[in-house]
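The values are calculated or read from the model by the stated rules, or taken from the named source; none is laboratory data. No experiment lies behind these values; they were computed from the predicted model shown. Here the Cβ positions follow ideal geometry from the backbone for every residue, glycine too, while neighbour counts run over all protein chains shown.
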Amino acid sequence: MSDDIGGIASFGDVNFFSFDDIRQDIDLGVPKGLIFDWNYDNLEYAGENRDKYINYYSYIKGLRHAQL
């Protein structure tokens with residue numbers, strides 16, 4: 001993506017993950033597919049409102065949009 005060669009991975013049309021998010025997913029032994037749930041939830045609930053965006057680490061630890 002853009003000028004970040006090797007730093008962003010694209011999966012399908014709307015799934016763009018940073019290398020750090022993917023590494024965190026592996027290092028923390030996150031359940032399979034949670035990274036996609038996080039991405040879709042942010043797309044649905046946060047949209048253009050960056051105040052409602054949840055970073056991946058917080059999502060792994062249990063924070064959800066209903067709590068914001």
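Observations on the structure shown:
- Candidates GLN67, GLN24, filtered to the one that is closer than 23 Å to GLY7 by Cβ and without any contact (Cβ under 8 Å) to a residue 60 or more places away in the chain: GLN24
- Checklist (1) modelled with pLDDT under 90; (2) surrounded by 11 or more Cβ atoms within 10 Å (Cβ to Cβ) applied to SER10, failing item: (2)
- Residue pairs whose Cβ atoms lie under 6 Å apart, separated by 6 or more positions or on different chains, with the first residue in the stretch 32-45 and under 14 Å from GLY12 (Cα atoms) and the second of a type in the set (D, E, K, R) and in a helix (DSSP H, G or I), are ILE35/ASP25.
- Which listed residue is more than 12 Å from the chain's Cα centre (by Cα) and either on the phi > 0 side of the Ramachandran plot or at pLDDT 90 or above (or both), from LEU34, LEU28: LEU28
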